[in-house]
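Peer 1: Below are the structure tokens for one structure; questions will follow.
Nothing in this text is a laboratory measurement; each read-out follows from the coordinates by a stated rule. Bear in mind the structure is a predicted one, so any value in this text is a computation, not a measurement. Quick reminder, even Gly has a Cβ in these numbers, built from the backbone with ideal geometry, and neighbours come from all protein chains shown.
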Amino acid sequence: MMTLEGLKARMEDLIGQLDFHSRFYSMILADEMATEAELLEAIDEMLDEYIELREQIHKLQG
């Protein structure tokens, strides 16, 4: 299990990735860097990881 600091750092990294994917969603599709299904799957996986990390942080804090 990661330390609280490690979990928070990973959450910040995920937030940055989610921000990038959401801001440049149209560009990524237009440049054919990923299909819409691939992009949505990646975002879904990041959100799942974010939720898991949040739960782990709550356990460590509580």
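Peer 1: Students often check this: by mean Cβ neighbours within 10 Å, which of 24-33, 51-60 ranks highest, and how do the rest follow?
Peer 2: Final packing ranking: 51-60, 24-33.
Peer 1: A follow-up question, please. Rounded to the nearest 10 degrees, what's the angle between the helix 36-61 long axis and the longest principal axis of the chain, both from Cα atoms, 0 to 90?
Peer 2: The angle comes out near 10 degrees.
Peer 1: Using Cβ counts within 10 Å as a stand-in for footprinting exposure, how do MET11, MET2 rank, fewest first?
Peer 2: MET2, MET11
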